Structure formats: C-alpha cells, structure tokens
Amino acid sequence: MSASVGDRIRMHSNHTDVPDRVGTVVAVLGEDGPPYRVRFDSGEETIVTPGPDATFEAGSLADKAGLAAEKAEEKAGELAETAGQAASDAAGSAARVVSDVADQVAQRFRR
C-alpha cells in the first residue's frame with residue numbers, strides 16, 4: 001500500500017459505533033511507503049503505518065499544492081532564522097573590528 005504527500009487516507013473502524021478516521025498524508029517517512037505522517041481531519045497529526053483496514057484516495061492538486069506551500073514556508077522560516085543569526089554574527093564581528101580600530105587610533109593620539 002503506497003501513498004504520496006497530499007493523498008487522503010481512510011482508516012476504517014472495526015466497531016460500528018466508532019467512526020472511520022480520515023486524514024491527509026503530509027509526509028512519507030519510508031523509502032517508498034509507510035510509515036506516513038498523517039494530519040487527521042480532527043486536527044491530530046501522528047505517524048501511521050496503515051493496516052489492511054485502510055484505504056487511500058489520490059489527493060487533489062489543490063491539497064498537494066497547499067502541502068507543498070506549507071513545506072516551503074517552513075523551510076523559508078528556517079532559512080530566515082539562519083540568515084538572521086549569520087547577519088547578527090557578522091554585525092557583532094564588524095562592531096568588534098571597529099571598536100579595536102577606534103582603540104588603536106585613541107592610543108596613537110594619547111602618545
């Protein structure tokens with residue numbers, strides 16, 4: 001049983017008084033299949049290795065595009081944080097260099 005990101009999964013209940021669990025595959029964690037990270041319609045997100053009581057439906061292009069956009073947004077946030085830290089480090093280094101040069105100039109004027 002193989003699925004891709006954006007596909008819908010329905011995990012059929014074994015009891016008549018318990019509803020099926022339905023969600024969207026948000027990540028494929030195995031090489032070519034399970035386990036999957038699934039975001040259920042209830043809002044819960046968990047890792048699932050589906051059994052024989054699960055079925056998949058191909059996800060819509062809109063769902064797949066939305067998940068790709070979410071992933072891109074997460075990656076952009078990570079990159080922005082890394083760039084911000086690098087800029088902060090560079091600014092700190094530049095400030096130290098300017099301070100050292102100012103100290104050297106001040107020492108020359110004291111002589």
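The values are calculated or read from the model by the stated rules, or taken from the named source; none is laboratory data. If you're wondering where the values come from, they're calculated on a predicted model, not measured in any experiment. Note that we place each Cβ from the backbone using ideal geometry, even for glycine, and neighbour counts take in every protein chain shown. Just the protein is used for accessible areas: all its heavy atoms, side chains included, with ligands, DNA and RNA removed. Shrake-Rupley method; radii C 1.70, N 1.55, O 1.52, S 1.80 Å.
Observations on the structure shown:
- For the range 21-36, the set of residues classified as surrounded by 12 or more Cβ atoms within 10 Å (Cβ to Cβ) and not basic (Lys, Arg) consists of 22, 23, 24, 25, 26, 27, 28, 29, 33, 34, 35, 36, listed by residue number.
- Here residue 108 meets the list (1) touching a strand residue (DSSP E or B) at 6+ places or on another chain (Cβ under 7 Å); (2) loosely packed, with under 10 Cβ neighbours inside 10 Å; (3) of a type outside the set (Asp, Glu) almost entirely, failing just condition (1).
- Contact map, the range 50-64: residues that are under 16 Å from residue 28 (Cα atoms) paired with residues that are among the hydroxyl-bearing types (Ser, Thr, Tyr), Cβ distance under 9 Å, separation 6+ or inter-chain. Pairs shown: 50/36; 56/2; 58/4; 59/4; 59/24; 63/24; 64/4.
- Failed criterion for residue 42 (all others in (1) at pLDDT below 90; (2) small (Gly, Ala, Ser); (3) assigned to a loop (DSSP other than H, G, I, E, B); (4) open to solvent by 50 Å² or more (accessible area, probe 1.4 Å) hold): (1)
- Subset tally (residues that are over 16 Å from residue 55 (Cα atoms) and under 23 Å from the mean Cα position of the chain (by Cα)) for the range 1-25: 0
- Considered as a group, the residues in the range 1-39 that are part of a loop (DSSP other than H, G, I, E, B) and among the charged types (D, E, K, R) include one that is farthest from residue 70 (Cα to Cα), and that residue is 17.
- Number of the condition not met by residue 74 [criteria: (1) modelled with pLDDT under 85; (2) farther than 30 Å from residue 3 by Cα; (3) open to solvent by 90 Å² or more (accessible area, probe 1.4 Å)]: (2)
- Single residue of the range 46-70 satisfying the filter (acidic (Asp, Glu) and closer than 14 Å to residue 10 by Cα) that is most open to solvent (accessible area, probe 1.4 Å): 57
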